[in-house]
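Any read-out appearing in this document is the output of simple, stated calculations on the displayed coordinates, not a laboratory observation. The structure presented is a predicted model; accordingly, all values stated were derived computationally and were not measured. With ideal geometry, Cβ positions are generated from the backbone for all residues, glycine too; neighbour counts draw on all protein chains shown.
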Amino acid sequence: MNLLKRPPLVVAVVLALVASASTWVYIERILKPHQVADALAHDRPRGNLSDLYPRWLGARELLQHRRNPYSAEITREIQQGYYGRPLDPARPGDPKDEQAFAYPAYVTLLLAPVTGLPFEAVQTGFRWLLVAVAAVSVWLWLRVLHWKFSFGGRMVLVVLMLGWLPMVQGIKLQQLSLLVAGLLAACGACLAGGWLFCAGGLLALATIKPQLVWPLVLWLLVWTAADWRSRRRLLLGFGIVMFLLLAGAEFLLPGWLPMFVEAIGHYHRYTQNQSVLVVLFGPIFGRIAEAASVLACALGVWRVRAEPAASTAFGRAFGLVLALTVVIVPMFAPYNQVLLAPAILALVWSECTPGAILPAVRLAHIAVGLLLVWPWIATIVLAAASPWLTAELRQRLWPMPFYSNFMTPVLIFGLALLHTWESPCEPMPGNLREGVAQE
């Protein structure tokens, strides 16, 4: 294909490259220098700062030396690598996040192949693995939604995904949330392709971060029960892999489950994490909003429980449940917003679908669009101005790309919920079916 003969595609590729590159430049030239300067000013320690490190070290010590990864001794060793030294409660500038091993013990089974390698090599390999997962997930989410997008269009989406602020933050931190998102995308694609047993196994593997998966597990159990005879292979695959993970963890560390529950409780106490809704509306109204969101989502997906996985309605319900997860999970870190990808793609699809849209809904679409592109607008401006920014200006301007961090998932969830109530048999947009899907 000669790109010069397709000016709109060339422009889209160039704009996507500029936007994505600006995010990486912002991270390296604005955010990271600010964090280093802030750490020096407050005597805050900085080590490898890899979110993979606590899981890797805990897995290594359990598998090679039979040490309890939930113990206080392992926590101090994790802090030595993650922060550069153990945290000291007497130092007011020290971080509150103890970086203790707060994952299910069976995460060690997934990390077992790399526990014998130096962490520097593991860190580099995992970073590139997350880049690959991010790129492939675009294809997988489009498969879940049954959107037959053109190859050129998919490449634009891949470039944007690799420069999306939540994705870039997750890659820089080596966050397992990105791996979980990739497993869920693969699970959805397997469901769409009729490979239910494989989908169930992938869903079980994604439970290494159970707080990000339990809403989807509940929804898929309801969906399976709606047509048990033809969908029971999903539960079979999930049950077998889940049993193997739990049994393997119990063999390695007998009685690990109470330790994990205690570690999770301790984690929430020292991080004091709250959901997006609680941060926005306060502890009382935020909890009410959480309950209302769960109820509204349950009613929305209940009406499509009989839809096959090969339908667009099922794909939208899949994205809706993940959007719900982002707004109710007691964590508001931007990297968790990678789970919004299918809901965002579904909203873009709805914009491409012929048909009347209520003015209020159109305004909501525009608002979401502005919130989504705002981080790129901010990073482009900051990246371009970075050679001339003083330390004082960096201190004042670095939060700009994160201004939309809390409102974006709430509005996306609201619109995804609204569109779930639309006709479950919505056809493929004609312009995409006839033109965009063709090269």
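Observations
- Taken about its Cα centre, segment 271-401 carries a charge dipole of roughly 100 debye when the Cβ of each Lys and Arg holds +1 and the Cβ of each Asp and Glu holds -1.
- Here the simple spin-label model places points 7 Å from the Cα toward Cβ, and for L358 and A291 these points are separated by 2.6 nm.
- Qualifying trypsin sites (Lys or Arg not before Pro) in segment 129-224, DSSP loop, other Cβ atoms within 10 Å at most 16: K148
- Approximating the spin labels as points 7 Å out from Cα along Cα→Cβ, the A121-to-A37 distance works out to 3.9 nm.
- Shape category assigned to segment 276-345 from the gyration tensor of Cα positions, a/c cut at 1.5: oblate
- Euclidean distance of C-alpha centroids, segment 110-183 and segment 16-94, integer Å: 21 Å
- For the chain, with +1 on Lys and Arg beta carbons and -1 on Asp and Glu, the positive-most of V156, M259, S22 along the dipole: V156
- Segment F243-N48, extension gain: residue separation times 0.36 nm, minus the distance between their alpha carbons: 66.8 nm
- Measuring r between the beta carbons of F197 and R67 and using R0 = 25 Å, the FRET efficiency lands at 0.10.
- What the Cβ-Cβ distance of W421 and S230 gives, at R0 = 25 Å and to the nearest 0.05, is a FRET efficiency of 0.50.
- Contact order for the chain, expressed relative to its length and based on alpha carbon pairs under 8 Å spaced 6+ residues apart, stands at 21 percent.
- Each Lys and Arg adds +1 at its Cβ and each Asp and Glu adds -1 at its Cβ; summed about the Cα centre, the chain shows a dipole of about 480 debye.
- Cut-off 18 Å (backbone N to label point 7 Å along Cα→Cβ of E262), residues of segment 100-128: 100-106
- Inter-centroid distance (Cα atoms) of segment 301-329 relative to segment 362-395, Å: 31 Å
- Put simply, when 209-217, 187-195, 82-90, 62-70 are sorted by average Cβ atoms within 10 angstrom per residue, most first, you get 187-195, 209-217, 62-70, 82-90.
- GNM flexibility winner over the chain from G47, G200, G81 (Cα, springs under 10 Å): G47
- Calculated [θ] (222 nm, deg cm²/dmol) that DSSP helices of n ≥ 4 give over the chain, each run adding -39,500 (n - 2.57): -22000 deg cm²/dmol
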